[in-house]
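What follows is calculated from the coordinates using simple rules that are stated; it is not laboratory data. Please read these numbers as outputs of a predicted model, since none were measured by experiment. Neighbour counts run over all protein chains shown; Cβ positions are idealised from the backbone, glycine included.
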Amino acid sequence: MATTEADQRKKKTTSYQHGPYSSKLTPDDYKELLLQLQLARYFDVRLIKEKKRGRLTGTLYSSHNQEAIIVGSLYGLRPYDWISPIHRDMPAFFMKDMKAGWRNPDRVGMSVQQVCCQVWGRVDSPGRARDNWSHIGSREKHIIHSTSMLAGTIPAAAGVVYADRMEGGDAVVLTYNGEGSTAQGVFHEAVNFAAVHKLPVVTIVENNQWAYGTPTYLEYSQEDFARRADGFGIPGLVADGQNVLDVYDKVMEAVAWARAGKGPSIVECKTFRAYGHGDHDDDRAAKYRPTQEVEAGRARDPIAVMKRMMVEQGIISKAEAEKYASEGKGAAEVTNDDFPPEVVQYLNEGIEFAMKSPLPEPEEGGMWVFREGN
Amino acid sequence: MAAAPEVSTKKNYLTALKEAIFEEFEAHDDIIAIGEDIGFLGGAFGVTEGLKEKFGSERVIDAPISEAAIVGVACGMCLHGKRALVEMQFIDFISTGFDQIVNMTATYHYRTAGEVSMPMVIRGPAGGYGGGALYHSQMNEAWFANSPGLKIVCPSTPKDAKGLLKAALRDPNPVLVYEMKELYRLRKIEEELETGDAALVPLGKASVRREGEDVTIVSYGNNVYHCLQAAENLEQEGYRAEVIDIRSLVPLDEETIIHSLKKTNRLVVVNEAPRTCGFAGEILARLTEEAFEYLDAPPMRVTRLDTPVPWVKPLELFVLPSADKITEAALRVCKF
């Protein structure tokens, strides 16, 4: 249970400043961003439903309530930029370079079919279902393969852009990390290396207040995890992780800084983990986290926040905003009717493909330990 | 004819390593080097002396004291398509980069179903007998032999040092090179070296260092010389020992050992790592499985005691294998 100390910390004002937002984004961008938020949410709740129906095995690491971080951070990237997502960023694998067209086979991101094959453990997964859940990647699509070792891919991210820079490239890499992983030694080693070499590494810290069962005040002695940056002499930005526009702006500021050769930075996105660490933990998470805290954390649903801003700016009408209303609802409460049909259709295509993809042949378990020949 | 002072063209183990690195850097501009003090200083032992001057600070990186980042950055370089040469200042320090080696690098090819390979060499001075104490004397190769996806070599001669390192740098898999720092400048093992492709020594091939019919003694690294000394001792007792230097632990050339056992029917395995779960035990287990029918006596191991490596000479020699300990074990096997 959270202590008085934790409650006191929660009362502190957060240090991020709101808007004015992205003068560069057009009304069409706003609509696309809203649709992508809904797609990320649908992916999450649909998989939970699939599992409840017994059509899916394995642990699900929900990104519910944290979608603005994935969508906002990816939206301004160039196709050739690299990303390094972790378990809670599953939609990032198929949302990278989505501006090139959701179904464009040439976009530098995975298809939803590939990601669904990974979720269902099928042979058409990019990793042929050899490691679980988010542990996929693609050199071709510039996605660094994730592992279970938190912060463990930041050094590789630094190495990738170091090599890219040697060849005259200006690719930036975004690494995604929970706030808990910033306590790992390798986090510090890697960010330090990137700072020394002014590498274009943008480290996103998804501060969802809980590292599995441990609250932030037992992880770090300061309020803002962005302050980790101070020791490296690099910028540390704080974004409102519920507001896709604020995430976009802060990440783009860091990306522009990186691409200009000024080096790495840390962007902390403050959010709240709506459910358990994984779905296996949902019941316990409801006990180790105070109800009041959970309710407050879920209150600012990123879809609702975006809709409100769009209505205020006259981009959509109130009626349009209310047409598909998945915001504020858990997986058990929403239905397909709460999502735009194009979102449902897109994921259906992925799932249908996955269901037809076979399991890998057993002997593949013994293959690819070493590369033969040259 | 007046005897002119002879200028030796023989080279030591350290020079051999250096030549391997310079030749491969010259031939392949996609190799980068990263490690602590490898640039300005040229490495704590001087293995990379002059490398930064010749190939520039972009390719030869003086890294912060961060073994995890060093290996991980190299991993990222390989992911992007480069090849990486990583120096561990002492192989003992590899423990702080352990996760990046065994979970990140070693598994990369496997978990991507072959999409990505990791042409990375991790090399460093290893082994005891120099009074280096607990943290400058280790042979921790068993940790990595137990992590699928890593090749491991341990040269004992200048020719093998050069040839194996060159081959490792051309291999598409991560290779760990355990260099014997007590052999780096040992005069008596200096030898002529080939250059270019002629210098290559393939990974996974053992070398028969002395032929004999009575007992096969298998080893690698520093201990090869103790085994050769033991073979001399055994000769005095009337036994002719065959000494095999495996050179590569992973992959292991079982064939050469089995071929020898068919002749000698007796086996002793020697290494300076601790006994429990050490690589000597692995060799012994495999040969027992594969070649039991050829064995006329229970095979034996001579290893370090299950202790850390202590500092002062009497303590260190007490725990490490020696020619006498090997001789004694071989005699027991021969007289069984």
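Using Cα pairs under 8 angstrom and six or more residues apart, how large is the relative contact order of segment B:197-241, in percent?
Working: 24 pairs, mean separation 20.7, N = 45.
Reported as a whole number, the value is 46 percent.
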| B:Arg286/A:Glu312 FRET efficiency (R0 51 Å; Cβ-Cβ; nearest 0.05) | 0.10
| What aspartates and glutamates sit close enough to B:Lys162 to cross-link, taking a C-alpha to C-alpha distance under 13 Å and skipping anything fewer than 8 places away on the same chain? | B:Glu19, B:Glu23, B:Glu24, B:Glu179, B:Glu190, B:Glu191, B:Glu192, B:Glu194, B:Asp197
| request: Work out the charge dipole of segment B:13-199 with +1 on the Cβ of Lys and Arg and -1 on the Cβ of Asp and Glu about the Cα centre, then indicate which of B:Ala27, B:Met139, B:Tyr178 is farthest towards its positive end. | output: B:Met139
| query | Using Cα-only point scatterers and the Debye equation, what is log10 of I(q)/I(0) for chain A at each q in 0.07, 0.11 Å⁻¹, rounded to two decimals? | reply | -0.29, -0.74
| said: Under 8 Å for C-alpha pairs, at least 6 residues apart: give me the relative contact order for chain A, rounded to a whole percent. | reply: 22 percent
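Rounded to the nearest 500 deg cm²/dmol, what is the calculated helix-only ellipticity per residue at 222 nm for chain B, with -39500 (n - 2.57) per DSSP H run of length n ≥ 4? Each step should come with its number before you reach the end.
On the way: 11 runs with 113 residues, N = 336.
Here the helix-only value at 222 nm equals -10000 deg cm²/dmol.
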| task | May I ask you to list the lysines whose Cα is less than 19 Å away from that of A:Lys262, ignoring any residue fewer than eight positions away on the same chain? | result | A:Lys198, A:Lys250
| message | Could you tell me the center-to-center distance, by alpha carbons, between segment A:136-173 and segment B:103-179 in angstrom? | response | 23 Å
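Let me confirm one metric for peptide A:137-144, namely the mean number of other chain beta-carbon atoms within 10 Å of its residues' beta-carbons. Present the calculation step by step, with values, prior to reporting the outcome.
Working: counts 6, 3, 6, 1, 0, 1, 0, 4.
Neighbouring Cβ atoms belonging to other protein chains average 3 per residue here.
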| note | Residue by residue through segment A:27-42, the couplings from Karplus 6.51 cos²θ - 1.76 cosθ + 1.60 with θ = phi - 60°, in Hz, x for Gly and Pro, are x, 5, 4, 4, 5, 5, 4, 4, 4, 5, 4, 5, 5, 4, 5, 5
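Only Cα pairs under 8 Å and at least 6 apart count here; give the relative contact order of chain B as a rounded whole percent. Before the final figure, lay out the partial values.
Values: 743 pairs, mean separation 52.9, N = 336.
Computed over chain B, the figure is 16 percent.
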| message | Taking θ = phi - 60°, what integer Hz values does the Karplus form 6.51 cos²θ - 1.76 cosθ + 1.60 yield along segment A:75-81, in sequence order, with x for Gly and Pro? | response | 4, x, 6, 8, x, 7, 5
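Take the eigenvalues of the Cα gyration tensor for segment A:129-172, scale each by 5, and report the square roots as semi-axes in whole Å, largest first.
Working: eigenvalues 103, 30, 7 Å².
Three semi-axes, in Å: 23, 12, 6.
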| request: Could you pull out every residue, at least 5 positions away or on a different chain, whose amide H is within less than 5 Å of the one on B:Arg209? Hs are placed 1.01 Å off N in the peptide plane, and Pro or chain starts have none. | output: B:Val243, B:Ile244, B:Asp245
| task | Please compute the net charge surrounding A:Pro79, taking Lys and Arg as +1 and Asp and Glu as -1 over other residues with Cβ under 10 Å from its Cβ. | result | +2
| Plugging the Kirkwood radius over Cα pairs into Stokes-Einstein for the protein assembly as shown, at a temperature of 37 °C and a viscosity of 0.692 mPa s, what D comes out in µm²/s? | 118 µm²/s
| message | Going by amide H atoms built from the backbone, whose H comes under 5 Å of the H on A:Arg130, apart from near neighbours? | response | none
| note | Residues whose built amide H sits under 5 Å from the amide H of B:Gly35, excluding neighbours closer than 5 in sequence, are B:Ile61, B:Ala63, B:Glu87
| query | Can you give the Rg and Dmax of chain B based on its C-alpha atoms, in angstrom? | reply | 20.0, 68
| remark: Once both label points are put 7 Å beyond Cα along the C-beta direction, the B:Ile258-B:Asp197 separation in nm becomes 3.1 nm
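Per DSSP helix of 4 or more residues, -39500 (n - 2.57); summed, then divided by the residues of chain A. What does that give at 222 nm, rounded to the nearest 500?
On the way: 13 runs with 147 residues, N = 374.
About -12000 deg cm²/dmol.
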| task | May I ask for the distance between the Cα centers of segment B:63-101 and segment A:211-278, given as a whole number of Å? | result | 26 Å
| said: I need the semi-axes of the equivalent ellipsoid of segment B:207-334: take the C-alpha gyration tensor, multiply each eigenvalue by 5, square-root it, list largest first in whole angstrom. | reply: 22, 17, 12
| query | Over what distance in Å are the Cα centres of segment B:207-236 and segment A:352-366 separated? | reply | 51 Å
| query | Setting aside same-chain residues fewer than 8 positions from B:Lys313, which lysines have a Cα under 27 Å from its Cα? | reply | B:Lys181, B:Lys188, B:Lys325
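Need the full-extension length gain, A:Thr335 to A:Tyr21, defined as separation in residues times 0.36 nm minus the C-alpha distance. One decimal, nm.
On the way: separation 314, 0.36 × 314 = 113.04 nm, distance 3.18 nm.
Gain on extension, A:Thr335 to A:Tyr21, equals 109.9 nm.
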| task | Among the listed pairs B:Lys10/B:Lys52; A:Lys96/A:Lys356; B:Lys18/B:Lys166, give every one whose C-alpha distance is greater than 20 Å. | result | B:Lys10/B:Lys52; A:Lys96/A:Lys356
| query | If R0 is 25 Å, what FRET efficiency do you get for B:Gln229 and B:Thr276 from their C-beta distance, rounded to 0.05? | reply | 0.45
| request: Calculate the translational D of segment B:13-199 in whole µm² s⁻¹ from Stokes-Einstein, where the hydrodynamic radius comes from the Kirkwood formula applied to all Cα pairs, the temperature is 4 °C and the viscosity 1.567 mPa s. | output: 80 µm²/s
| said: I want to verify the translational diffusion coefficient of segment B:244-284 in µm²/s; compute it with Stokes-Einstein, Rh as the Kirkwood radius over Cα pairs, at 37 °C and 0.692 mPa s. | reply: 298 µm²/s
| field | Loop sites in segment A:134-224: chymotrypsin sites (Phe, Trp or Tyr not before Pro), DSSP, at most 16 other Cβ within 10 Å | value | A:Tyr212
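With both bridge residues required to lie in the protein assembly as shown, what share of the DSSP beta bridges run antiparallel, to the nearest 5%? Write down the numbers at each step before the final one.
Numbers: 9 of 63 bridges.
Antiparallel bridges make up about 15 percent of those DSSP assigns within the protein assembly as shown.
So, counting K/R as plus one and D/E as minus one, what does the shell of residues with Cβ under 14 Å around A:Met309 add up to?
Working: positive: A:Lys31, A:Arg300, A:Lys307, A:Arg308, A:Lys318; negative: A:Asp29, A:Asp240, A:Asp246, A:Asp249, A:Asp301, A:Glu312, A:Glu320, A:Glu327.
Charge balance near A:Met309 sits at -3.
Considering only DSSP beta bridges where both residues belong to chain A, give the percentage that are antiparallel (nearest 5). Please report the intermediate quantities before stating the final value.
Working: 3 of 24 bridges.
Just about 10 percent of them are antiparallel.
Report for segment B:13-199 the percent antiparallel among DSSP-assigned beta bridges with both residues inside it, nearest 5.
Beta bridges within segment B:13-199, antiparallel portion: roughly 0 percent.
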| request: Could you tell me whether segment A:225-325 comes out rounded, prolate or oblate from its Cα gyration tensor? Rule is a ≥ b ≥ c as square roots of the eigenvalues, rounded for a/c under 1.5, then prolate if a/b exceeds b/c, otherwise oblate. | output: oblate
